[in-house]
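First the structure, in the form of structure tokens, and then the observations on it.
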Amino acid sequence: MDVHVTRSELRGTARAPPSKSYTHRALLAAGYSDGATVESPLISADTRATARAVTAFGGSVAPAGDDASTGGAAETGSDLAGADALAVEGFGGRPAVPDDVIDCANSGTTMRLVTAAAALADGTTVLTGDGSLRSRPQGPLLDALADLGVRAESTRGNGRAPLVVTGPLAGGEVAIPGDVSSQYVTALLMAGAVTDEGIEVELTTDLKSAPYVDITLELLADFGVEATPVDAGGDPLDGAAGAAGFSVPGGQTYEPAGGSYAVPGDFSSISYLLGAGAVAAAPGEAVRIEGARPSAQGDAAIVGIVEEMGADVEWDREAGEIAVERADLSGVTVDVGDTPDLLPTIAALGAVADGETRIENCEHVRYKETDRVAAMAEELGKLGAETTEEPDVLTVHGDASDLTGATVDGRHDHRIVMALSVAALAAEGTTTVRGAEHVDVSFPGFFETMADLGMTVDRD
């Protein structure tokens, strides 16, 4: 699907979608349990993949209160649409060997978290995904599982899906790099809690995207599971930042208080609404964003970044509401080592701002659904932005940029599509964004929400 976005003025109130990161973890945590309800989940292409995996391991996922058989709902995920809560029948920490290959579609989070879950099964699991996912690295996680005594291989011998995993995993000590994907750590911690021996994880390199591991630690605690970051001396830390490793005892039980868990709003998605308000709110008007309650999400840093660029932002943390007004933005320097998903939004804002916006520590952002560093440089360039791309730095030269509507490619990547749509709000004329349907991965109602705020958007 193509969308055509014309320069617009925005006003009104929008609600942030639930967090994709939390929904993935909550669905799998509920799967590890004997059963739990996941309230306010994000129902998207990616989270449906995790729901299918839970079902493949012997659990089931269906809208809460649905008395019908859940098997068909979990087969396609289509019957989950619009559900305010999901009833998950778990597999009690012991996944069954799947009857078929697990298709993770385009969801890297699903593949990594489910690969470790598959290691717990007493037999062989095969995992695959679409072309994009089959190009993404899984080698360090496979190596870690192999070091723990599990057969874990890439069918092509290149560390990429399709993957073959044969358990069961008993636990133990393992070393893994921390600078490729924090999801490797999350996968090991979630699976380690239900092993017999537990897992001790040593990081061989500094941890990037530490806030995503903090999300995992927060959610595990809410499910009654203990997992502890430790320093080089083995002493416990309060959070994942600076950790030399992690310790998770075995033999634990996943059980949320009251049998349910509520998913918070998603700050990665909030970044596009916030950015859109900063570049396109009507004079004297504000764009208000609901569902912005504080949590462990590192992407909440976007609030401070937009403020630093010069926008007038008010965040009522208790009410969970952000108000942003349009402003003349100025370039900033941002390190995205812990917040890789913010790079597309920051790059789009940098194309509108005066001066240079320098996005540092971003090499790991090249290993997402697409190389997001190159994608934003090239697609913003079609709109008239000037950029300089280095291996670990993207600089957007706002003073040399003059945005004009053009046809840009979303690269089959939800975050690229939404970020380019934000930039289109400030471009003269109309911008066509190709592949816009990929917003279904994390923000299925994105264009409806933006139209409600005043974006002039047509689809074909």
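Values in this text are rule-based calculations from the coordinates and carry no lab data. Computed from a prediction, not measured in an experiment: that's the story for all the values here. We place every Cβ from the backbone using ideal geometry, glycine too, and count neighbours over all the protein chains shown.
Angle of helix 267-280 to the longest C-alpha principal axis of the chain, folded into 0 to 90 degrees and rounded to 10: 0°. Over the chain, the ratio between the Cα radius of gyration and 2.2 N^0.38 Å evaluates to 0.95. Centre-to-centre separation between the Cα atoms of segment 89-108 and those of segment 286-317: 36 Å. Apply the Debye scattering formula to segment 20-228, with a single equal point scatterer on each alpha-carbon and no solvent, then give log10 I(q)/I(0) at q = 0.09, 0.14, 0.15, 0.16 Å⁻¹. Normalising to I(0) and taking log10 leaves -0.29, -0.74, -0.86, -0.99. Of the residues Met1, Met455, the one with the fewest other Cβ atoms within 10 Å heads the list, and the complete ranking is Met1, Met455. Arranged by the count of other C-beta atoms within 10 angstrom, fewest first, what order do Lys20, Lys368 take? Result, fewest neighbours first: Lys368, Lys20. Relative to the longest principal axis of the Cα atoms of the chain, helix 343-352 runs at roughly 0 degrees.
With contacts taken as Cα pairs under 8 Å and at least 6 residues apart, the chain reaches a relative contact order of 18 percent. With neighbours defined as other Cβ atoms within 10 Å of a residue's Cβ, the residues Glu308, Glu390 order from fewest to most as Glu390, Glu308.
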